[in-house]
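Read-outs throughout are calculated quantities, based only on the coordinates presented, and are distinct from any laboratory measurement. Keep in mind it's a predicted model, so treat the numbers as computed, not measured. Neighbour counts run over all protein chains shown; Cβ positions are idealised from the backbone, glycine included.
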Amino acid sequence: MNYWVFDGESKIREVAEDEASEAGSCNGCDSSSAKVKIIRAGIDNGDIYSFTRAGSEGVIPSSSATALVSHCPSGEFKSGQRVFLSSYSKTKSDVRPMGYLRDYACVPTDNLYELPDAIADNDVVFIDTIAKACNLIDKLEIKPSQTVIINGVSVINLIIAQLLRYHQALPIMIDSDDDKLALAQDLGVDFIINSSQENVPYMVKSFTSGKMANALVVDLDILTDMDELPYCLAMGGKIALVNANSAVKCFKIDFVNVLSRELSIFGIKDGEGKVSMAINLLAMNKVKVSPLIGEVVGFAQVPELMQKQEGRLSSLMNIVKCNC
């Protein structure tokens, strides 16, 4: 069994099978686990941040993956069956999820989910992100024809935009990059605003016929400034916060405006409880993720992929083919 380990401050090393055995890594599985061969592993912004962060020694990256079952003592899964490896358990657990950037692993069956054939191997690694987006949509309680501002083009924000359209709501995507906004348009977002060229509150007012938006979604990983964003919301609007992998945790916000408009702010931590729903949405093509794939590299090319990121958070998901 081989796997990659981050040792902090942009250091990475591969642990070979004999070294893994010496460290006590699992070569067999108990009745509550299954041995799997991992074929795809996703590298998201959380992994990019861990790679560069001091004090992240011993971190095995990737929190979601596609795999084939090699052996399942309980018989719950068949040998050769394709499964999704999630960071979220089917039953609530305080156990920290393992990193999936490996060739083989022993994974608790509570973290394995059956997959329909309709989902491509590369697309599978987006399921946890879709699940998190589903939890956010539920908490927003958005009704059809209501408008939601999405601040910045990122993987989860583009998924949220598609889910809003699925629920017949109207997403407004804001970004300063025309190429990223074009991607949002390709995925069905009709209302876009280039924040580097246009007055954001004025454009939101124009799109909403003066009513302003009902909610605002903020991906903190890509946020640079949210001072003017509350001005774009109607009375009683909601602000949903997601992700916080960046080292920058302080943002300027006008709380006077938050209070005067009686805005509510909440955060979404994870996608627990929504994995099966996410799988169904992906299988039914209600959410498209193939355009959100960045680089696809082989297992041996992981160091080059991480060094190429140079600590910059990405608007796409990178994928490692662990079987080559």
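Here are the numbers for the structure shown:
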read-out: Three-way shape call for the chain based on the alpha-carbon gyration tensor, with the a/c threshold at 1.5; value: prolate
read-out: The stretch 128-268: equivalent-ellipsoid semi-axes (sqrt of 5 x gyration tensor eigenvalues, Cα, Å); value: 19, 17, 17
read-out: FRET efficiency for Glu304 and Leu68, using Cβ-Cβ distance with R0 set to 22 Å, rounded to 0.05; value: 0.30
read-out: Calculated FRET value between Ala283 and Val256, using beta carbons and R₀ = 41 Å, to 0.05; value: 0.35
read-out: Inter-label distance for Ala182 and Asp138, nm, one decimal - labels placed 7 Å from Cα along Cα-to-Cβ; value: 3.8 nm
read-out: The stretch 50-156: relative contact order in percent, alpha carbon pairs under 8 Å with at least 6 residues between; value: 26 percent
read-out: For peptides 148-158, 1-11, sequence by mean Cβ density within 10 Å, most packed first; value: 148-158, 1-11
read-out: Charge sum, other residues only, whose C-beta stays under 14 Å from Met212's C-beta, Lys/Arg counted +1 and Asp/Glu -1; value: +2
read-out: Ranked by how many other beta carbons lie within 10 Å on average, peptides 181-193, 70-82 from highest; value: 181-193, 70-82
read-out: Distance (nanometres) between label positions extended 7 Å along Cα→Cβ at Met235 and Ser56; value: 4.5 nm
read-out: Modelled FRET efficiency - R0 25 Å, Asp270 with Lys78, Cβ distances, 0.05 increments; value: 0.30
read-out: Rel. contact order, % - alpha carbon contacts under 8 angstrom, at least six apart, the chain; value: 19 percent
read-out: Inter-label distance, nm, simple model (7 Å from Cα along the C-beta direction), Lys37/Asp103; value: 1.1 nm
read-out: Distance between the stretch 109-179 and the stretch 251-323 - C-alpha centres, whole angstrom; value: 9 Å
read-out: Under 15 Å, Cβ to Cβ, from Ser31 - net charge with Lys/Arg +1 and Asp/Glu -1; value: -2
read-out: Cβ-based net charge around Met306, under 13 Å, with every Lys or Arg adding one and every Asp or Glu removing one; value: -3
read-out: DSSP bridge orientation in the chain - percent antiparallel, rounded to nearest 5; value: 50 percent
read-out: 12 Å cut-off, amide nitrogen to a point 7 angstrom out along Asn323 Cα→Cβ, residues in the stretch 59-74; value: 66-70
